[in-house]
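Student: Sharing a structure below in structure tokens format, with a few things to ask.
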Amino acid sequence: MAIKLGLYDKTLERLGDRIRGLGIEFEMLPFNKEGQFIIEGKVTSPGAVDLDYLWFSADIALDKIQPVAFDLALACRSVGVLQTFNAGLDAPVYKAAADKGIKINNSSAQSVAISEYVLAHVLNVFHPMEESQKLQSDRQWKITPFREIAGTHWIIVGFGPIGKATAHLAKAFGATTTVIRRSPATSEIVDRAGTLTDIGQFLGDADVIVLACPLNAQTAGFANASFFDALKPGCILVNIARGGLVDDAVMIAALDSGQLGTAVLDVFHEEPLPADNPLWSHPKVRVTGHTSFSGSGTRGRWDELFFENIQRYANNAPLLNEVDPKDL
């Protein structure tokens with residue numbers, strides 16, 4: 001029986017030949033940017049459509065039609081599996097979809113890019129790049145000491161694909177890693193492990209803390225006053241997860257006091273970050289516009305994850321990145 005595959009019409013145009021070449025029988029059900037399916041040349045409302053597999057490709061994000069796609073997913077008469085380009089699933093649509101019995105598969109395609117973003121920004125804090133550039137501009141020959149990652153202690157909160165990729169790179173540079181996860185198990189790239197409830201016992205050792213966990217009822221606002229009070233003075237905080245994990249006012253106070261040395265922030269409570277937000281101009285804050293995912297290889301990995309999973313689906317094999325509804 002043909003797999004009823006729902007996907008954005010631009011994605012079908014871009015990848016249709018490759019999908020058809022898989023040797024799998026599909027009934028292609030493309031939808032447009034208005035959130036309507038085009039079936040045999042006719043516009044069809046989602047409420048009349050049953051899907052085995054719905055793919056939210058990166059084209060949806062690039063064309064900024066996420067709200068349309070989200071509404072469509074919930075309006076379909078039935079959906080078996082929803083594979084999304086999102087790594088974080090705090091958008092309400094995903095819990096609503098799971099509540100309807102839809103299986104959700106998120107993306108690990110961003111993990112390479114995000115882990116490199118983390119390392120690049122930590123290196124930039126440790127190395128006096130701006131001073132070196134000024135010395136070059138002034139034609140001055142001067143030694144510029146810098147801090148090494150080797151020998152530093154990193155805490156990585158969350159151990160999904162992004163947390164794992166970050167731990168791998170940190171270990172490659174010679175750092176010691178502590179991972180905060182649901183089960184306190186170690187591995188080749190993890191020296192110590194704990195849970196969110198006992199994170200306090202590790203914070204005083206940390207030179208770098210990376211937030212890479214989901215935003216949910218358990219994690220919202222956990223980086224609060226007690227969190228920052230427990231830090232080693234001068235610690236670096238990197239948030240590539242969600243802004244809602246952090247109490248911004250307390251974080252700014254910690255930066256002002258020196259308890260927190262630098263905050264590298266790619267995610268915020270409100271996005272885009274309003275122009276009058278004090279984080280833009282704080283001398284110890286590095287703001288980027290939710291861009292840590294946008295490495296040169298991310299889009300290709302998004303596509304490859306779909307091709308791997310759709311073949312697994314056709315062969316009744318376990319899918320990659322299936323999300324436990326309890327985590328939504």
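All of the numbers you see were taken from the coordinates with simple rules; none came from a lab. The structure presented is a predicted model; accordingly, all values stated were derived computationally and were not measured. Positions of Cβ are backbone-derived with ideal geometry, glycine not excepted, and every protein chain shown enters the neighbour counts.
Student: Quick check on the range 1-150: of the DSSP beta bridges with both residues there, what percent are antiparallel, nearest 5%?
Tutor: Working: 4 of 22 bridges.
Around 20 percent antiparallel, to the nearest 5.
Student: Sort D266, D50 by Cβ crowding within 10 Å, fewest neighbours at the top.
Tutor: Numbers: D266 23, D50 13.
Listing D266, D50 from fewest to most nearby Cβ atoms yields D50, D266.
Student: Could you work out [θ]222 nm for the chain from helices alone, using -39500 (n - 2.57) per DSSP H run of at least four and dividing by all its residues? Round to the nearest 500 deg cm²/dmol.
Tutor: Details: 11 runs with 108 residues, N = 328.
Rounded to the nearest 500, it is -9500 deg cm²/dmol.
Student: Search the structure for amide H atoms under 5 Å from the amide H of L260, placed 1.01 Å from N in the peptide plane, and list their residues when 5 or more places away or on another chain.
Tutor: Correct list: G234, L255.
Student: Over the range 64-180, what relative contact order in percent results from Cα pairs under 8 Å that are six or more residues apart?
Tutor: It comes to 22 percent, rounded to a whole number.
Student: For helix 298-314, report the angle its Cα long axis makes with the longest principal axis of the Cα atoms of the chain; keep it between 0 and 90° and round to the nearest 10°.
Tutor: The angle comes out near 40 degrees.
Student: What dipole magnitude, in Debye to the nearest 20, does the range 1-155 give about its Cα centre under +1 on Lys/Arg Cβ and -1 on Asp/Glu Cβ? Could the numbers behind the result be given before it?
Tutor: Values: 16 positive and 19 negative charges, 40 e Å.
Magnitude of the dipole: close to 200 debye.
Student: Could you work out how far the C-alpha centroid of the range 172-204 sits from that of the range 53-100, in angstrom?
Tutor: 32
Student: Turning to a different aspect of this structure: Along each of its three principal axes, how wide is the spread of alpha-carbon positions in the range 1-155, in whole angstrom units, largest first?
Tutor: 71, 31, 30 Å, listed from the longest principal axis down.
Student: Could you give the angle, 0 to 90 degrees to the nearest 10, between helix 9-20's Cα long axis and the longest principal axis of the Cα atoms of the chain?
Tutor: Here the helix axis deviates by roughly 70 degrees.
Student: Cα axis of helix 66-75 to longest principal axis of the chain: angle in degrees, 0 to 90, nearest 10?
Tutor: Relative to the chain, helix 66-75 is tipped by roughly 50 degrees.
Student: Let me check I've understood the local charge: for V323, count other residues with C-beta under 15 angstrom from its C-beta, Lys and Arg +1, Asp and Glu -1. What total comes out? Could the numbers behind the result be given before it?
Tutor: Numbers: positive: K95, K100, K103, R182, K326; negative: D90, D99, E322, D324, D327.
Computed value for this residue: 0.
Student: Tell me, E322, E270 in order of fewest to most beta-carbon neighbours within 10 Å? Before the final figure, lay out the partial values.
Tutor: Details: E322 14, E270 8.
By the 10 Å Cβ count, ascending: E270, E322.
Student: Now a separate question. Between the range 216-237 and the range 252-328, what is the separation of their alpha carbon centroids in Å?
Tutor: 18
Student: Pull up all non-local amide H partners of V238: gap of 5 or more, or a different chain, and H-to-H distance under 5 Å with H placed in the peptide plane.
Tutor: So V238 has HN proximity to I209, V210, L211, V264.
Student: Net charge near V210: determine it from the other residues with C-beta under 12 Å of the C-beta of V210, scoring Lys and Arg +1 and Asp and Glu -1. Don't jump to the answer; show the numbers that get you there.
Tutor: Working: positive: K164; negative: D207, D266.
Neighbour charge sum, excluding V210 itself: -1.
Student: Follow-up. How large is the dipole of the chain about the Cα centre if only Lys and Arg carry +1 and Asp and Glu carry -1, each at its Cβ, rounded to the nearest 20 debye?
Tutor: Numbers: 29 positive and 38 negative charges, 80 e Å.
Rounded to the nearest 20 debye, it is 380 debye.
Student: Let me ask you something else. Kirkwood Rh, the chain, all Cα pairs: how many Å?
Tutor: Taking every pair of different Cα atoms in the chain, averaging 1/r and inverting gives 21.6 Å.
Student: Report, as a whole number in µm² per second, the diffusion coefficient that Stokes-Einstein gives for the range 111-287 at 25 °C and 0.890 mPa s using the Kirkwood radius over alpha carbon pairs. Kindly include the intermediate steps, with their values, before the conclusion.
Tutor: Values: Rh = 16.7 Å.
Stokes-Einstein gives a translational diffusion coefficient of 147 µm²/s.
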